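Taking it in order: structure first as structure tokens, then the write-up.
Nothing in this text is a laboratory measurement; each read-out follows from the coordinates by a stated rule. These figures come from a predicted structure and were not determined experimentally. Cβ placement follows ideal geometry from the backbone for every residue including glycine, while neighbour counts extend to all protein chains displayed.
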Ligand code: C2E
Ligand code: MG
Ligand code: MG
Ligand code: MG
């Protein structure tokens, strides 16, 4: 009945073998309920500038708390994408991200929030309009929200993804390429994207201090990205040795457990209070 489902404007459900299992259908309806009733949470993970040693932004990461059977963010997003719930989910995420940003501003912390976006979102005809209206309603300036997209996901529909991202970028949404180096990168495609930032995938960072090859790849990637004008972020930095190597390589920003795991809002505020004072914009 996919044709009829499409006619009624219901997102097409691509079944994998067990897609229609009772368990899965229950999970989908629970997820729908969680989105509608504000039961999801956004955790925030800071980005640190290695030059200024300041927190320059936060990445918003979805969580589904209070579940007997935990669902990982990757599972949650895959489920939302397959069931058509990614549209309301991303809209909730964007709204919550802007809300948390307002609360950070009230507390004297100024930084942009990065939101992960699914390729399906870029196919929604009214997505850019939705984002612009939402930003206006929060009095958020250009650059308040950055979108993170993965190179691999863009390749599903390169032409239309590029169009959508160009429109969003023109509307003041900076773009960051997530998980760079994890898939089959097509630099000839990536260089067409209106991106200002590249995030090197955790898989190249985790073993950096033990693997000479990874150091060669990461060093070369940083140099290349700099020559192309990108800001470079390393994801998944877990220890001092890795941080020192990245600093030596001229990496701009880092994220990872060495700073903190992603934290709920109150936990993040507590953590920020322990950071150097210059992370704050207000002196008083
Ligand atoms: P991502 O965007 O690449 O996010 C980075 C992931 O690495 C996060 O996993 C984060 O918790 C984890 N991480 C951060 N620092 C470290 C570290 O030092 N060591 C290790 N081992 N891991 C670290 P998480 O939160 O489980 O999210 C997984 C993925 O789910 C994200 O990967 C992103 O692709 C997706 N995702 C999360 N939230 C959203 C969302 O709101 N919308 C969409 N579309 N996707 C989301
Ligand atoms: Mg990300
Ligand atoms: Mg990533
Ligand atoms: Mg990832």
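List the extent of the Cα atoms of segment 35-153 along each of their three principal axes, largest first, rounded to whole Å.
Sorted largest first, the three principal extents are 41, 35, 32 Å.
Taking Cα centroids, how far is segment 247-263 from segment 91-141 in Å?
So the separation of the two Cα centres works out to 23 Å.
What are the extents of the Cα atoms of segment 133-284 along their three principal axes, in Å, largest first?
Over segment 133-284, Cα extents along the principal axes are 46, 43, 26 Å.
If you average over every viewing direction, what projected area does the convex hull of the Cα atoms of segment 114-183 give, in nm²?
For segment 114-183, averaging the hull's shadow over all directions gives 4.3 nm².
How high is the FRET efficiency between residue 72 and residue 239 when r is their beta carbon distance and R₀ equals 30 Å, given to the nearest 0.05?
In this case the efficiency is close to 0.80.
Can you give me the relative contact order of segment 202-249 as a percent, contacts being Cα pairs under 8 Å and 6 or more apart?
On the way: 34 pairs, mean separation 21.9, N = 48.
Reported as a whole number, the value is 46 percent.
How far is helix 86-106 tilted, in degrees, relative to the longest principal axis of the Cα atoms in the chain, given as a value from 0 to 90 rounded to the nearest 10?
Helix 86-106 sits roughly 40 degrees off the main axis of the chain.
Could you grab the Rg to Rh ratio for segment 119-158? Cα atoms only, Kirkwood for Rh.
Rg/Rh for segment 119-158 comes to 1.04.
Compute the long axis of helix 73-83 from its Cα atoms, compare it with the longest principal axis of the Cα atoms of the chain, and write down the angle in degrees, 0 to 90, nearest 10.
The two axes meet at around 30 degrees.
Can you tell me what the convex hull of the Cα atoms of segment 168-226 projects to on average, as an area in nm²?
Averaged projected area of segment 168-226's Cα convex hull equals 4.4 nm².
Please order 90, 72, 231 by the number of other Cβ within 10 Å, starting at the fewest. Working shown, then result.
Working: 90 24, 72 10, 231 18.
Ranked by crowding around the Cβ, least crowded first: 72, 231, 90.
For segment 48-78 and segment 209-237, compute the distance between their C-alpha centroids and round to whole Å.
Here the answer is 22 Å between Cα centres.
Order of 137, 118 from fewest to most other C-beta atoms within 10 Å?
137, 118
Give the residues of segment 227-261 whose amide nitrogen is closer than 14 Å to a point set 7 Å from the Cα of residue 53 in the direction of its Cβ.
The answer is 244, whose backbone nitrogens lie closer than 14 Å to the label point.
Can you give the Rg and Dmax of the chain based on its C-alpha atoms, in angstrom?
In Å, with Rg to one decimal and Dmax whole: 19.3, 62.
Normalising by the residue count of segment 57-213, find the relative contact order in percent from Cα pairs under 8 Å and 6+ residues apart. Please report the intermediate quantities before stating the final value.
Details: 185 pairs, mean separation 29.4, N = 157.
Computed value for segment 57-213: 19 percent relative contact order.
Which three semi-axes in whole Å describe the equivalent ellipsoid of segment 75-207, each the square root of 5 times a Cα gyration tensor eigenvalue, listed largest first?
For segment 75-207, the semi-axes come out at 23, 18, 16 Å.
On C-alpha positions alone, give me the angle between the axis of helix 158-170 and the longest principal axis of the chain, in degrees, nearest 10.
Approximately 60 degrees, to the nearest ten.
Within a 10 angstrom radius of the beta carbon, how do 68, 151, 30, 106 rank from fewest other beta carbons to most?
Listing 68, 151, 30, 106 from fewest to most nearby Cβ atoms yields 68, 106, 30, 151.
Quick one: if the Förster radius is 30 Å, what FRET efficiency do residue 141 and residue 213 give, using the C-beta to C-beta distance and rounding to 0.05?
On the way: r = 42 Å, r/R0 = 1.40.
The pair residue 141/residue 213 has a calculated efficiency of 0.10.
Looking at the chain only, what percent of DSSP beta bridges run antiparallel? Nearest 5 please.
Numbers: 12 of 34 bridges.
The antiparallel proportion sits near 35 percent.
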